[in-house]
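Notes follow the structure.
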Amino acid sequence: VVDRVMASDGDTVLKQVNGQCDRMVPYTKPELDYVRNALTQVPVSGTAKVPFYGFPLSDVPVAGKTGTAYRGEPFQDTSWFAAMVPANDPQYVVLAMVEQAGFGSDVAAPLVRRMIETMYGIESNAPVIAQTGQD
């Protein structure tokens, strides 16, 4: 297993970690397929639908999960979104977490969309639109 932490330019490797997996997840293939299918629907008809509007999901299927971590007063919530691409044969995990930024669908999901577009050379003139208040 090789993990790389990339810089925002998409070309510079900041950190590379080589590792060995020594355990298996105790779930059956049908159970994992069900979860992966559900995550694939998040940018299609779920909480990341608006930020991924106009994204070529048929060419680059995305499986993802939005999230909002409540921090308590006086802080704003932490916005996060994690994605696997391509969803049908994951090669990358892309994650954005932004402290005190609100809902995952508002801030983190649009950031991940732009990162995936950059990774795959997808040119997009469409604005990335966030939907306020949904995770």
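Of the trypsin sites (Lys or Arg not before Pro) in region 14-55, the ones in a loop by DSSP (not H, G, I, E or B) with at most 11 other beta carbons within 10 Å are Arg23.
Given a 10 angstrom Cα cut-off, can you work out which residue in Val35, Val50, Val25 is the most mobile in a GNM of the chain? Answer for the Gaussian network model of the chain: Val25. Per-residue 3J(HN,Hα) values for region 104-111, derived from phi via the Karplus relation 6.51 cos²θ - 1.76 cosθ + 1.60 with θ = phi - 60°, read x, 6, 7, 10, 5, 4, x, 5 Hz in sequence order (x marks Gly and Pro). Taking label positions 7 Å along the Cα-Cβ direction at both Leu95 and Ser124, the computed distance is 2.1 nm, reported to one decimal.
Over the chain, the Kirkwood radius and the radius of gyration, each from Cα atoms, give a ratio Rg/Rh of 0.98. Taking the 1.4 Å solvent-accessible surface of the chain as the whole, the part contributed by carbon and sulfur is 54%.
The values are calculated or read from the model by the stated rules, or taken from the named source; none is laboratory data. Fair warning: this is a prediction, and the values are worked out from it, not measured in the lab. We place every Cβ from the backbone using ideal geometry, glycine too, and count neighbours over all the protein chains shown. With ligands, DNA and RNA removed, areas are computed over all heavy atoms of the protein, side chains included. Shrake-Rupley method; radii C 1.70, N 1.55, O 1.52, S 1.80 Å.
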